[in-house]
Amino acid sequence: PSSKESGIVLLADSIEAASRTLANPSPSSLRKVVERIIRAKIEDNQLDGTDLTMVELSKIKESFIAVLYGIFHARIKYPEEKS
């Protein structure tokens, strides 16, 4: 990626795909996935052309985690309606 926006899309795509493979998407496992993927992209120099700062990446990470928590939050089981 050569822009901040394309770097964010790269991260979002990778994180969304990885989060859907989790058998039990708990808050801690979602956080670990997000942190692992961002760290891997940094270490692999995939974000070098984006000019994203570490402060921005930290904010992006927290935003992704918040969105994933919303998507994968636990739902209560509603009682079945009696006819």
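Brief remarks on what is shown
- For the range 18-31, the candidate set comprises residues that are part of a helix (DSSP H, G or I) and more than 9 Å from the chain's Cα centre (by Cα); within that set, the residue that is surrounded by the fewest Cβ atoms within 10 Å (Cβ to Cβ) is S28.
- Checklist (1) exposed (fewer than 15 other Cβ atoms within 10 Å of the Cβ); (2) under 21 Å from E56 (Cβ atoms); (3) not hydrophobic (A, V, I, L, M, F, W, C) applied to K4, failing item: (1)
- Verdict on E35 being out of contact with any His (no Cβ under 8 Å at 6 or more places or on another chain), touching a residue at least 24 places away in the same chain (Cβ under 8 Å), in a helix (DSSP H, G or I) and open to solvent by 40 Å² or more (accessible area, probe 1.4 Å): yes
- In the range 45-56, residue least open to solvent (accessible area, probe 1.4 Å) [restricted to those that are part of a loop (DSSP other than H, G, I, E, B) and free of Cβ contacts under 8 Å to residues at least 12 places away in the same chain]: T53
- Flag if K59 is open to solvent by 60 Å² or more (accessible area, probe 1.4 Å) and either touching a residue at least 12 places away in the same chain (Cβ under 8 Å) or in contact with a Pro (Cβ under 8 Å, 6 or more places away or on another chain) (or both): no
- Residue-level check: of (1) surrounded by 12 or more Cβ atoms within 10 Å (Cβ to Cβ); (2) under 15 Å from the mean Cα position of the chain (by Cα), D13 misses just (1).
- Single match in S58, S6, S26 (criterion: touching a Ser or Thr at 6+ places or on another chain (Cβ under 8 Å) and of a type outside the set (K, R)): S6
- Any chance S6 is at pLDDT 95 or above, on the phi < 0 side of the Ramachandran plot, of a type in the set (G, A, S) and more than 9 Å from the chain's Cα centre (by Cα): yes
The values are calculated or read from the model by the stated rules, or taken from the named source; none is laboratory data. What you see is a predicted model, and the numbers here were worked out from it, not measured in a lab. Cβ atoms come from the backbone with ideal geometry, glycine included; neighbour counts cover every protein chain shown. These area figures cover heavy atoms from the full protein model, side chains too; ligands, DNA and RNA do not enter into them. Shrake-Rupley method; radii C 1.70, N 1.55, O 1.52, S 1.80 Å.
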